[in-house]
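What follows is a short report on a single structure.
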């Protein structure tokens, strides 16, 4: 039951901001899709986007990577660090298994962040090989 409550709390913490931004038109962060090939019915309602081409596709991949890395991976890692720290502090002297579990959670959270950063570097390298020359995630184009 305890695991279910913790999972439900983490799920709610991650989904509540999505619902709070649901009425923005367009979203303040720009959205994931950088282009639009459809004619706007009401041009004042939505800002027009550029034409869909290869650069827009590469920008879409970049937006997805930013969303997964910064919007999901870092907050989840912070929550896991908090949970492991709480387990470590409240373990007491008599329960070595709780300390071992907390250290395992710390290790897995660090491993997950390293894996996410490595995936970002691999995708960045592939995008630069494919010819995407945009400035993204704070680094100038190669």
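Is one or more of the residues making up the range 50-71 under 24 Å from residue 128 (Cβ atoms), at pLDDT below 75 and either loosely packed, with under 12 Cβ neighbours inside 10 Å or touching a strand residue (DSSP E or B) at 6+ places or on another chain (Cβ under 6 Å) (or both)? For the range 50-71, residues under 24 Å from residue 128 (Cβ atoms), at pLDDT below 75 and either loosely packed, with under 12 Cβ neighbours inside 10 Å or touching a strand residue (DSSP E or B) at 6+ places or on another chain (Cβ under 6 Å) (or both): present.
Checked against (1) part of a helix (DSSP H, G or I); (2) at pLDDT below 90, residue 93 passes all but a single condition, namely (1). Applying the criterion of being within 15 Å of the chain's Cα centre (by Cα) and surrounded by 14 or more Cβ atoms within 10 Å (Cβ to Cβ) to the residues of the range 96-122, the residue that is modelled with the lowest pLDDT is 120. Every condition in (1) under 29 Å from residue 127 (Cβ atoms); (2) modelled with pLDDT of 70 or more is met by residue 24 except one, and the failing one is (2).
Hey, any hits in the range 73-82 for a residue that's over 30 Å from residue 34 (Cβ atoms), at pLDDT 85 or above, within 19 Å of the chain's Cα centre (by Cα) and crowded, with 16+ Cβ neighbours inside 10 Å? Yes, there is a match, as at least one residue in the range 73-82 is over 30 Å from residue 34 (Cβ atoms), at pLDDT 85 or above, within 19 Å of the chain's Cα centre (by Cα) and crowded, with 16+ Cβ neighbours inside 10 Å.
The residue list 86, 142 contains one member that is over 21 Å from the mean Cα position of the chain (by Cα) and either at positive phi or at pLDDT 85 or above (or both), which is 86.
The values are calculated or read from the model by the stated rules, or taken from the named source; none is laboratory data. All values derive from a computational prediction rather than experimental measurement. All Cβ positions, even for glycine, are placed from backbone atoms using ideal geometry, and neighbour counts span all protein chains on display.
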